[in-house]
1. Name the residues in segment C:108-132 that are in contact with a Lys or Arg (Cβ under 8 Å, 6 or more places away or on another chain), of a type in the set (A, V, I, L, M, F, W, C) and assigned to a helix (DSSP H, G or I), would you?
2. Is at least one residue of segment C:189-201 under 22 Å from residue C:41 (Cα atoms) and out of contact with any helix residue (DSSP H, G or I) (no Cβ under 6 Å at 6 or more places or on another chain)?
3. Looking at the structure I just gave you, is residue B:214 of a type in the set (A, V, I, L, M, F, W, C), out of contact with any Asp or Glu (no Cβ under 6 Å at 6 or more places or on another chain), facing another protein chain (nearest Cβ under 9 Å) and over 20 Å from residue C:14 (Cα atoms)?
4. More than 19 Å from the chain's Cα centre (by Cα) and more than 29 Å from residue B:38 (Cα to Cα), is that true of residue A:221?
5. If you go through segment B:53-76 one residue at a time, how many are over 15 Å from the mean Cα position of the chain (by Cα), within 14 Å of chain A (Cβ to nearest Cβ) and in contact (Cβ under 8 Å) with a residue 40 or more places away in the chain?
6. Scan segment C:237-256 for residues that are assigned to a loop (DSSP other than H, G, I, E, B), open to solvent by 40 Å² or more (accessible area, probe 1.4 Å) and within 12 Å of another protein chain (Cβ to nearest Cβ) and jot them down.
7. Provide a single number: the residues in segment C:197-236 that are of a type in the set (A, V, I, L, M), part of a strand (DSSP E or B) and more than 12 Å from residue C:251 (Cα to Cα).
8. The conditions are (1) farther than 28 Å from residue B:61 by Cβ; (2) open to solvent by less than 20 Å² (accessible area, probe 1.4 Å), and residue B:219 fails exactly one of them. Which is it?
Amino acid sequence: MTVVTLTTDFGVTDPFVGIMKGVLATRAPDATVIDVSHGVPPQDVLAGALVLRYAAPYFPPRTIHVAVVDPGVGGSRRPLVVETTDALLVGPDNGVLSLVAPRDQMRRIVHLTEERFFLSPRSATFHGRDVFAPVAAALANGTDPSALGPPVTDMERLALPAVTRGASSLTGQVIYVDHFGNLTTNVSESDVTADVTIALAGVRVRGVARHYGAVAAGEPVAVVNSWGLLEIAVRDCSARETLGASVGDVVVIERR
Amino acid sequence: MTVVTLTTDFGVTDPFVGIMKGVLATRAPDATVIDVSHGVPPQDVLAGALVLRYAAPYFPPRTIHVAVVDPGVGGSRRPLVVETTDALLVGPDNGVLSLVAPRDQMRRIVHLTEERFFLSPRSATFHGRDVFAPVAAALANGTDPSALGPPVTDMERLALPAVTRGASSLTGQVIYVDHFGNLTTNVSESDVTADVTIALAGVRVRGVARHYGAVAAGEPVAVVNSWGLLEIAVRDCSARETLGASVGDVVVIERR
Amino acid sequence: MTVVTLTTDFGVTDPFVGIMKGVLATRAPDATVIDVSHGVPPQDVLAGALVLRYAAPYFPPRTIHVAVVDPGVGGSRRPLVVETTDALLVGPDNGVLSLVAPRDQMRRIVHLTEERFFLSPRSATFHGRDVFAPVAAALANGTDPSALGPPVTDMERLALPAVTRGASSLTGQVIYVDHFGNLTTNVSESDVTADVTIALAGVRVRGVARHYGAVAAGEPVAVVNSWGLLEIAVRDCSARETLGASVGDVVVIERR
């Protein structure tokens, strides 16, 4: 079974994702297509890269991940296939593929120039349909990436914001807010211990709890979440709403 | 074909559901995965139980239903597999599985303790990925529930709010509001006849209509809906918005 | 492989779509079910027809498209199967099937009267579950449309609003607004050239650009979109919000 995943900022109200699946069903009827997320905020390439980074490890080897967060569609940004040790990645060269493909896991990057694999005519606004879905179908059918265009040596790379380390504190930030309003930060599990104080959006939390239930309903709590990152939640509530927090907000970790 | 369904409060913006599907595709590639709903209101265990109750009868025999509305994730609530006469249910022991599994259709309940079936390491915030999806995959592959842990004798049970019967009236409440703003109550088809008056949120409706089109656009109408329950709608509009109604609102049925 | 697609106004919060998929999995386990969209605005038959028109060409030949935007459910409107040169269409006779089935591509229309193909009992509020999904399953299993009911000679037809052609200008309107806030009009590619001025919602745009990136972020831009129609966008923003525009707004194209 070949799996093709889709990660986009297309949302779920329009038929755009369905149309991509139509192209895949037409050209690669045996592939299994799985939605990773279509709720990436519009044009937010970093959020798309982050989502793909934390989802891809849970898919079978050689899964084909298609990521279309593509504000430069129709312009000069290159369409790419990236082969890593684990997977094949398909998408625009704007960084959306970069967090899931660290340099030491890269095998090759191919610039998609062989237009015979694309739909024709090709629109200037929907390369998910006209370029990336048909290329994913070709890969699912066993086409070697080398047939799709010439190899290139590097691609646009994004970096997560880095944490700042002080003498007795560490400063990070909120990098993702989920549907529950939980606040994921860029602070790793290895940077937090039970004896820290965490300050964010005007509240202070003592220590990292084992799970949400360690505090009463409505109270803030810090946990290490499923991405291995420090997360601030408000039990049974939305931390985004309760604390008025959002992506980019500063979090300070102090050793007690 | 083995069907695995997913019912969660994860929403559709984050990659959480996609990640669960990645685990299923990796471990049970031949299973067919179907979303029942990911729009259960956050932490609303009763709503999740209700959704599963009314959806499950439409799936093939021996379908594996995974329900993850799990505010106690990472804490002491037990993860369960429940076998009924029709299906296998996987989820936390908080009642989310209880409305679809009445006592007279139960075969056994298993406490999921065999950690070798889980993902490792196991997070404290996402047992959908680390516990419930891998267990569903094991069941889809034919693992007997008895291999997953010891049998237990009962589980947390929720009850729908009951109706109150008076001499000439019956009092119920709104238990579910759908995307259209239609108001589903806990009043059964057998409790309403054509010659009743229904009062809810300040409006009075005479009789139960055969279908929405029995009244003019913008007018309130009572019907028996697809769950066999009394529903109040406003034709071509949202009863939730038009009437300002929500879950818990009282409905009174009077015989004329 | 037989593909069944679903286009509805059911949204993604309730289990209604999942229930339809349960019926399909039970009765036609070998069919592949693909969501086109469930984000059609409630009761907006024309929007549903438009979505299906622009999605259907990207699916395999003989795909079965089920469209349920059905405010008259339970009333006297007829349930239909429509066979075109490319596909089978299933849905209510209210026009939702008409834009994807121009008269010259029609083969036959069948009025669904053979109740033995339906679920029993049949609700008055959810024919997606009780009529259209089981009929789609029958078609997927190879049932000839003639077995489902008698042929009829025509069906309800909708028309897109027409453009008005003046001596030096053309007047159209916004017919669809997508998740990004981009405004699709009823003006065809053949009606716009590089030397036009486009006026909509108080802004004037000169010429049709090759792609969104032709203007600076925050600036309005006109492109021919993936449906071959004139679209007004605001780069990296929502034209709906920035311009305060919506479906029905007038667009005027003037030759310079």
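1. Filtering segment C:108-132 down to residues in contact with a Lys or Arg (Cβ under 8 Å, 6 or more places away or on another chain) leaves C:111-112, C:115, C:119, C:123-124, C:130-131.
In the following step, the residues that additionally are of a type in the set (A, V, I, L, M, F, W, C) were identified as C:112, C:119, C:124, C:131.
Of everything in segment C:108-132, just one residue is in contact with a Lys or Arg (Cβ under 8 Å, 6 or more places away or on another chain), of a type in the set (A, V, I, L, M, F, W, C) and assigned to a helix (DSSP H, G or I), namely C:131.
2. no
3. Numbers: of a type in the set (A, V, I, L, M, F, W, C): yes; out of contact with any Asp or Glu (no Cβ under 6 Å at 6 or more places or on another chain): yes; facing another protein chain (nearest Cβ under 9 Å): yes; over 20 Å from residue C:14 (Cα atoms): yes.
In short, yes.
4. Working: more than 19 Å from the chain's Cα centre (by Cα): yes; more than 29 Å from residue B:38 (Cα to Cα): no.
Answer is no for this residue.
5. Matching residues across segment B:53-76 total 2.
6. Listed by number, the list holds a single entry, C:237.
7. If we filter segment C:197-236 for residues that are of a type in the set (A, V, I, L, M), which is where we start, we get C:198-201, C:203, C:205, C:208-209, C:214-217, C:221-224, C:229-230, C:232-234.
Restricting the remaining residues to those that are part of a strand (DSSP E or B) gives C:198-200, C:203, C:205, C:221-224, C:229-230, C:232-234.
Subset that is more than 12 Å from residue C:251 (Cα to Cα): C:221, C:223-224, C:229, C:233-234.
Total meeting the criteria: 6.
8. Of the numbered conditions (1) farther than 28 Å from residue B:61 by Cβ; (2) open to solvent by less than 20 Å² (accessible area, probe 1.4 Å), the odd one out for residue B:219 is (2).
The values are calculated or read from the model by the stated rules, or taken from the named source; none is laboratory data. Nothing here was measured: the structure is a model prediction, and the numbers come from that model. Virtual Cβ from ideal backbone geometry, glycine too; neighbours counted across all protein chains shown. Accessible surface is based on the protein model in full, side chains and every heavy atom, while ligands, DNA and RNA are left aside. Shrake-Rupley method; radii C 1.70, N 1.55, O 1.52, S 1.80 Å.
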